[in-house]
Amino acid sequence: MAWSFYPLGDSAVLVEFGSGISEKIHQEIRAAVRGIESRPFSGFVECVPAFTTLCVYYDLMGLRLTGRKMTAFEHVCSLLRDMEKSAAQDKEVLSAEVIDIPVCYGGEFGPDLGLVAELNGLSEEEVVSIHAGEQYLVYAIGFAPGFPYLGGMPGTIAAPRKKTPRLRIPAGSVGIAGTQTGIYPIETPGGWQIIGRTPLALFRPDQLPPTLLQGGDYIRFRPIGLEEYRRLRGIQP
Amino acid sequence: MSIRIHKPGLLATVQDLGRTGYGKYGIIVSGAMDRFAHRTANWLAGNDDGAAALEITLSGFAAEFEQDHWVAITGGNMTPVIDGRAVPMWRPVFVRKGSRLVLKQPVSGCRAYLAVSGGVDVPEVMGSRSTYLRAGIGGFEGRALRAGDELPVGTPRLGVSEAPAGDGSFYAVSWAIPWSLLPAYGQNPAIRVIRGRQWDDFTLRSRQAFLQSSFHVTPQSDRMGYRLSGPSLELESPREYLSEAVALGTVQIPADGQPIVLMADRQTLGGYPKIAQVISADLPVMAQATPGGHIAFREVSPEEAESLFIREERKLKRLKTMIRLKLKEDNYA
């Protein structure tokens with residue numbers, strides 16, 4: 001599908017790649033990010049991908065506007081259209097490495113595991129085995145630093161958000177909201193049903209990249225016991 | 001070289017112009033809310049654009065200068081006073097070691113900026129000194145300022161030895177940024193917007209109400225966004241939108257129909273429909289809107305938004321040159 005362009009104010013262009021969540025669109029967006037970041041145009045600030053869109057932020061004063069009667073928005077769109085052509089030729093095969101996320105399910109770390117099981121007519125063990133039995137694609141990072149928007153959770157373990165959000169959800173908490181699953185990288189308030197916790201640090205401000213996960217990664221959850229949780233927690237930087 | 005905080009007031013943080021380039025990792029931009037005031041404060045203190053300064057919200061702030069410093073106070077008028085004497089804003093001010101700055105009460109606007117020659121010298125995190133409160137990084141130890149904090153200051157850019165002699169706690173130069181060049185700050189400002197991506201998804205009535213009503217600025221407003229209250233704005237047919245990037249000044253409408261204008265500490269992605277976008281030229285005015293006040297939105301075309309922004313930036317460029325020349329003339333720089 002051809003890229004469509006929308007102004008996001010006077011300093012950003014939102015590029016839309018399609019209308020539904022799919023791995024194909026996701027790969028197109030990733031290819032576009034690679035293209036833009038490897039050959040940034042004058043005035044480029046940064047780009048932020050999401051499910052079906054890529055936002056390209058620019059510094060209006062840094063653009064090399066030609067004498068032609070063209071607005072900054074049109075100028076950036078035309079630069080992006082040129083990239084669309086070369087992006088179509090980007091056939092790079094992406095590494096399909098799967099990142100292992102150890103999770104200590106239930107108990108103190110997963111206070112809502114029982115509720116999720118009950119809502120779906122399953123045992124807690126069944127919820128864990130379904131949750132950990134899938135491979136998930138990181139579609140985007142947002143909401144909090146390093147928070148992955150994951151696709152691929154089976155509907156059989158879906159659960160609605162809490163009516164009243166918790167004021168504090170500890171960093172590393174693994175939760176379910178509707179048919180989405182995610183991991184909280186920092187302590188925040190939140191309404192997700194919490195089923196476990198990973199000892200891994202998802203947000204690493206002193207490293208580059210500053211997050212464990214990035215858009216395009218695949219992850220798999222691996223159930224661990226309390227002892228392994230504590231051991232892994234101890235060797236975290 | 002340092003500044004000691006006696007009282008932080010409602011919220012005081014270290015900010016520069018923000019942390020860009022990390023949005024794809026979910027890391028927000030942060031930075032000064034009123035970039036006009038932040039940038040000019042730095043220039044008046046002899047600094048470059050990127051230096052870190054203090055953003056001080058409303059009143060209750062007090063601090064002591066532990067060395068002689070050149071400083072500048074800009075932004076909202078919080079009645080700045082040094083050792084009992086009113087300090088003029090929007091100009092270079094030389095402060096003596098041991099003098100004490102107090103922001104007594106808000107007169108206009110919401111945020112004052114205090115720049116010090118040499119900049120607030122906290123470590124850069126991911127290329128910026130801005131405070132990212134929720135993630136606990138940047139700024140001074142990743143948090144809002146507290147009583148007792150000692151802020152390190154970089155090498156002064158303006159000559160302290162050139163400062164005029166005198167016994168007072170401070171000395172303010174006789175020139176300032178003329179009022180005519182300041183943004184149109186006001187109690188009930190009109191904020192210019194262009195249409196947002198989901199403008200057409202709102203009912204005709206809601207679109208009209210958005211442009212013709214006045215919205216109350218609620219006390220729930222903060223650095224993340226201005227929460228407004230007014231007529232309820234509704235979608236033609238309610239639906240869920242996929243999360244996508246937002247920008248400084250994005251006006252989004254959550255399910256309750258009340259607008260939120262996203263500001264410096266906005267999240268990187270948002271899932272609410274975007275009815276409009278505040279034009280860049282009016283962001284400083286927006287950033288000084290005060291809870292309890294009202295704002296109204298006026299539509300302009302995207303082309304107009306661009307030319308207003310370019311005009312504003314050209315004005316700032318001239319202002320920067322003017323300030324440099326004045327500082328040289330006075331033999332401070």
- Within region A:92-143, residues closer than 30 Å to A:Arg30 by Cβ, of a type outside the set (A, V, I, L, M, F, W, C) and in contact with a strand residue (DSSP E or B) (Cβ under 8 Å, 6 or more places away or on another chain) come out as A:Glu97, A:Asp100, A:Pro102, A:His131, A:Glu134, A:Gln135, A:Tyr136, A:Tyr139, A:Gly142
- Among B:Val217, B:Val153, which is buried (at least 16 other Cβ atoms within 10 Å of the Cβ), closer than 30 Å to B:Ser301 by Cβ and β-branched (Val, Ile, Thr)? B:Val217
- Message: For region B:224-254, give me the residue count where each residue is away from every other protein chain (no Cβ under 13 Å) and either out of contact with any helix residue (DSSP H, G or I) (no Cβ under 8 Å at 6 or more places or on another chain) or within 18 Å of B:Gln208 (Cα to Cα) (or both).
- Response: 15
- Among the candidates B:Ala289, B:Ala296, B:Ala333, which residue alone is outside any helix (DSSP H, G or I), more than 29 Å from B:Asn47 (Cβ to Cβ) and not hydroxyl-bearing (Ser, Thr, Tyr)? B:Ala296
- State yes or no: is B:Ala147 surrounded by 14 or more Cβ atoms within 10 Å (Cβ to Cβ), of a type in the set (A, V, I, L, M, F, W, C) and part of a loop (DSSP other than H, G, I, E, B)? no
- Query: Here is a list of conditions, (1) touching a residue at least 40 places away in the same chain (Cβ under 8 Å); (2) part of a loop (DSSP other than H, G, I, E, B); (3) within 14 Å of chain B (Cβ to nearest Cβ), and A:Phe109 meets all of them except one; can you say which number that is?
  - Reply: (3)
- Restricting region A:196-218 to residues that are closer than 28 Å to B:Leu133 by Cβ and either in a strand (DSSP E or B) or more than 22 Å from the chain's Cα centre (by Cα) (or both), the residue that is nearest to the other protein chains (Cβ to nearest Cβ): A:Thr211
- Task: Determine whether region B:154-168 contains at least one residue that is touching a residue at least 40 places away in the same chain (Cβ under 8 Å) and either within 14 Å of another protein chain (Cβ to nearest Cβ) or not in a loop (DSSP other than H, G, I, E, B) (or both).
- Result: no
- Looking at this structure, is A:Tyr57 within 14 Å of chain B (Cβ to nearest Cβ), under 30 Å from A:Trp192 (Cα atoms) and not in a loop (DSSP other than H, G, I, E, B)? no
- Query: Name the pairs: first residue in region B:309-329 and closer than 17 Å to A:Thr71 by Cα, second residue β-branched (Val, Ile, Thr), Cβ to Cβ under 7 Å, at least 6 apart or on different chains?
  - Reply: B:Phe309/B:Ile279
- Does region A:39-52 contain any residue that is away from chain B (no Cβ under 11 Å), outside any helix (DSSP H, G or I) and among the charged types (D, E, K, R)? yes
- Output for region A:139-151, where each listed residue is within 11 Å of chain B (Cβ to nearest Cβ) and hydrophobic (A, V, I, L, M, F, W, C): A:Ala140, A:Ile141, A:Phe143, A:Ala144, A:Phe147
- Could you list all residues from region A:1-38 that are in a helix (DSSP H, G or I) and either within 8 Å of chain B (Cβ to nearest Cβ) or hydrophobic (A, V, I, L, M, F, W, C) (or both)? A:Ile25, A:Ile29, A:Ala31, A:Ala32, A:Val33, A:Ile36
- Give the number of residues within region A:220-237 that are out of contact with any Pro (no Cβ under 7 Å at 6 or more places or on another chain) and in a strand (DSSP E or B). 3
- Output the residues belonging to region B:142-188 that are within 28 Å of B:Arg129 (Cα to Cα) and of a type in the set (S, T, N, Q). B:Thr155
- Just name the residue that is nearest to the other protein chains (Cβ to nearest Cβ) out of those in region B:298-319 that are within 20 Å of the chain's Cα centre (by Cα) and surrounded by fewer than 16 Cβ atoms within 10 Å (Cβ to Cβ). B:Glu313
- Task: Look through region B:114-140, keep the residues that are assigned to a loop (DSSP other than H, G, I, E, B) and among the hydroxyl-bearing types (Ser, Thr, Tyr), and return whichever of them is farthest from the chain's Cα centre (by Cα).
- Result: B:Ser117
- Message: Given the criteria β-branched (Val, Ile, Thr) and over 23 Å from B:Thr290 (Cβ atoms), does B:Val107 qualify?
- Response: no
- Does region B:260-275 hold any residues that are assigned to a strand (DSSP E or B) and at the interface with chain A (Cβ under 9 Å from one of its Cβ atoms), and which are they? B:Leu269, B:Gly270, B:Lys274
- Message: Filter region B:164-182 down to the residues that are closer than 24 Å to B:Thr290 by Cα and surrounded by fewer than 14 Cβ atoms within 10 Å (Cβ to Cβ) and list them by number.
- Response: B:Pro178, B:Trp179, B:Ser180
- Item | region B:183-210 - residue that is more than 14 Å from chain A (Cβ to nearest Cβ) and buried (at least 16 other Cβ atoms within 10 Å of the Cβ) and, of those, nearest to B:Tyr241 (Cα to Cα) | B:Phe202
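Where a number appears in this text, it was derived from the coordinates with a stated rule and is not lab data. Bear in mind the structure is a predicted one, so any value in this text is a computation, not a measurement. In this analysis, Cβ positions are derived from the backbone assuming ideal geometry, glycine residues included, and neighbour counts consider all displayed protein chains.
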